[in-house]
1. What distance in nm separates the simple spin-label points at Arg173 and Thr326, each placed 7 Å from Cα in the Cβ direction?
2. How large is the helix-only mean residue ellipticity at 222 nm for the chain, computed as the sum of -39500 (n - 2.57) over DSSP H runs with n ≥ 4, divided by its residue count, in deg cm²/dmol to the nearest 500?
3. Show me the ranking of peptides 335-348, 178-191 by mean Cβ neighbours inside 10 Å, starting with the highest.
4. Using the alpha-carbon centroid of each, what span in Å lies between the range 282-327 and the range 71-108?
5. Got a sec to turn the phi values of the range 247-255 into Karplus ³J(HN,Hα) couplings, 6.51 cos²θ - 1.76 cosθ + 1.60 with θ = phi - 60°, whole Hz, x for Gly and Pro?
6. Would you give the gap between the C-alpha center of the range 337-378 and the C-alpha center of the range 204-271, rounded to a whole Å?
7. Let me check against my output: what whole-number percent is the relative contact order of the chain, with C-alpha pairs under 8 Å and at least 6 apart?
8. Could you tell me the calculated FRET efficiency between Ile275 and Glu360, based on Cβ-Cβ distance and R0 = 41 angstrom, to the nearest 0.05?
Amino acid sequence: MNLVERPNRLAIDAQRLWSNLMDLAAITDNARPYTRRSFSGLFVEGRTWLRRRFLDAGMTVREDAAPNLIGRLEGQDPALPVIAIGSHSDTVPSGGRFDGILGVLAGLEAVRSLADRGIRLRHTVEVIDFLAEEPSEYGLSCVGSRVMSGSLEDRHLALTAPDGEQLIDAMERIGGKPHDRAGAKRTDIGAFLELHIEQGRVLEQSGTDIGIVTGIVGIVRVEIVFQGAADHAGTTPMDLRADALVAAAETVMQVRESAEKLARKRFFVATTGVIASEPNAANVVPGRVRLIVEARSEHVADLETFLAELDAFTSGAAVRSRVKRTAFTELSRSLPSPCNEALRGHLAAAAESLGLSTREMPSGAGHDAAFMGKIAPMAMIFVPSKDGRSHCPEEWTAPEQCAAGAGVLLEALIRIDAALEH
Ligand SMILES: [Zn+2]
């Protein structure tokens, strides 16, 4: 894509968007760029900056009970539902300048461009900076979108950071009212859009401008424990061993095989990300091994097939190694969140109208949009990530790629405003 060849196709101000990205990136822990963790002083400073930009764009600004920061541009017809665009301004430690941030600033740029062009939409538009999308010190991701979708549970509020502060106190410290969160659950949003960097290599490798997300994967995590006998590695003959690590090793290979088989049909990934062997000594047969296996898919049926195969396989692997499988426990499960067909169509048509190439793809990572999908029709677009890198200072999406994404948001806003009736 070359913006020079199509100077007037994108109705947004690419330079203004890029300046905003770099200005917000400068609000960082200078010792560890780019770090702006939720609940930190830098995060609050970033929000103060964002609030000013929202006001400059002609929006009113408020914070809800999370607090999420919300900019609002009133539409012509207050009876119509809100079209919301959102993502997050917090980062992981030593993170990037684009993950989440681009989604918020592209929404801001789309709203500014409406004003520049003298367009007043029928629907009210909101731009949302969700609180704590990244896991933060409290170990919970998507805090703000959980609040807005009515998904934040009492037990979450008691989660505690290493310094002893509970999540509920951290939320209050930065202006939230977690006890009033029921009132923050939204029922007035008619469409939710999120622009995000891909965090993978698919768009870059295929030379595609815009990813139209089909859905956000569901994620299942299972803990498997094999219990054998930690015998002497020199005096225990091979046929008398109960080696838990051999059963675990077979399991690692099976996870790959099952996932590859399912992935031949449609997107599916699975990973053995944790393996803890005890006593983990050179002269002792491994007596106990704990694995955590994770699988991701847009289809619950595929997750179930994978789990059933893994359950049967690990029972057999235990018998073969003369060990016991003492745990096969589902640790967590999030359901897939499909993107709305009609909104996907508007996003694709918007991209095509700008001469941008598109490709349908799942989101293998979780996003605020997954929670917003519980309360509103939801859709997402991706823009390319250089070398697929993210959550690191090298994270990069070129200025023209950021501008293309914002341009699609603006065009989609106009199309959705015309099409959305209720
Ligand atoms: Zn993100």
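Values quoted throughout were computed directly from the atomic coordinates according to the rules given, and no laboratory measurement underlies them. Remember, it's a predicted structure, so these values are computed and weren't measured experimentally. Note that each Cβ is placed from the backbone with ideal geometry, even for glycine, and that neighbours are counted across all protein chains shown.
1. My value for the distance between the label points is 3.8 nm.
2. My calculation for the chain gives -11000 deg cm²/dmol from helical runs alone.
3. 335-348, 178-191
4. Cα centroid of the range 282-327 versus Cα centroid of the range 71-108: 41 Å apart.
5. Calculated HN-Hα couplings, in order: 4, 5, 4, 4, 5, 4, 5, 5, 4 Hz.
6. Rounded to whole Å, the Cα centres lie 30 Å apart.
7. This gives 23 percent for the chain.
8. 0.75
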